[in-house]
1. Six or more apart or on different chains, Cβ atoms under 7 Å: show the pairs whose first residue is in the range 82-94 and at positive phi and polar (S, T, N, Q) and whose second is surrounded by fewer than 19 Cβ atoms within 10 Å (Cβ to Cβ) and not in a strand (DSSP E or B).
2. Being among the polar types (S, T, N, Q) and within 12 Å of GLN58 (Cα to Cα) is the filter; apply it to the range 142-163 and report the residue that is surrounded by the fewest Cβ atoms within 10 Å (Cβ to Cβ).
3. Can you confirm whether the range 54-72 contains a residue that is outside any helix (DSSP H, G or I) and touching a Lys or Arg at 6+ places or on another chain (Cβ under 8 Å)?
4. Just give me the residues in the range 94-105 being open to solvent by 20 Å² or more (accessible area, probe 1.4 Å) and farther than 17 Å from GLU59 by Cβ, in sequence order.
5. Applying the selection to the range 109-130, what residues are assigned to a strand (DSSP E or B) and crowded, with 16+ Cβ neighbours inside 10 Å?
Amino acid sequence: MTQKKSFHVFDALFAFLLLIAFLLFSLLLSGVGSVIYQKGTDSLNENYTTRTALAYLQEKLRQHDEADALSETTVGEQPALALAETKDGADYVTYIYYYDGALRELFTAASSTPIPETGSKITELSSFTFEELSSPGKEDGHLLRLSAADDTGVVQSVIVHTSCGN
């Protein structure tokens with residue numbers, strides 16, 4: 001006697017529904033994962049801009065940490081940091097300032113008048129400020145607070161201590 005296998009519609013329907021549920025869950029999971037990944041990379045990119053700019057400025061200030069090398073001035077009407085140096089007997093100044101939505105750097109001869117438009121863009125920021133903080137004495141150096149804001153308005157600051165006085 002032979003037995004016939006009976007085909008049940010419910011068995012096939014259950015397998016099909018299980019496959020559809022697995023597919024929908026996989027799509028939902030990958031969609032949520034991509035949104036989380038995108039938010040994470042956007043946050044890192046936003047912080048990267050301001051952190052990189054501030055780290056660059058810290059290094060510039062440390063490179064010019066000599067007597068009378070750092071001063072506050074203006075480029076056009078913009079407040080600027082002036083970093084003086086002498087190379088091969090000639091005097092030069094590096095100006096760091098905020099102009100037209102970007103942090104800029106201008107390296108020029110000390111005798112020339114700086115023009116704000118001619119500075120090289122370091123990075124685009126929504127604002128950049130610096131202020132000298134009180135310190136124990138000029139002979140002990142001084143503290144300088146650098147603050148930068150990205151295009152979302154998040155402000156990050158760093159305090160730099162220069163070991164020599166003005």
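1. Cβ pairs passing all conditions: none.
2. So the residue we want is SER157.
3. Taking every residue of the range 54-72 in turn, none turns out to be outside any helix (DSSP H, G or I) and touching a Lys or Arg at 6+ places or on another chain (Cβ under 8 Å).
4. Answer for the range 94-105, where residues must be open to solvent by 20 Å² or more (accessible area, probe 1.4 Å) and farther than 17 Å from GLU59 by Cβ: TYR98, TYR99, ASP100, GLY101.
5. If the condition is that a residue be assigned to a strand (DSSP E or B) and crowded, with 16+ Cβ neighbours inside 10 Å, then ILE122, THR123, PHE128, PHE130 are the ones that fit.
The values are calculated or read from the model by the stated rules, or taken from the named source; none is laboratory data. This structure is a prediction, so every number in the text was calculated from the model and none was measured. Ideal geometry is used to build each Cβ from the backbone, glycine not excepted, and the neighbour counts take in all protein chains shown. Side chains are part of the model used for accessible areas, which takes the heavy atoms of the whole protein and leaves out ligands, DNA and RNA. Shrake-Rupley method; radii C 1.70, N 1.55, O 1.52, S 1.80 Å.
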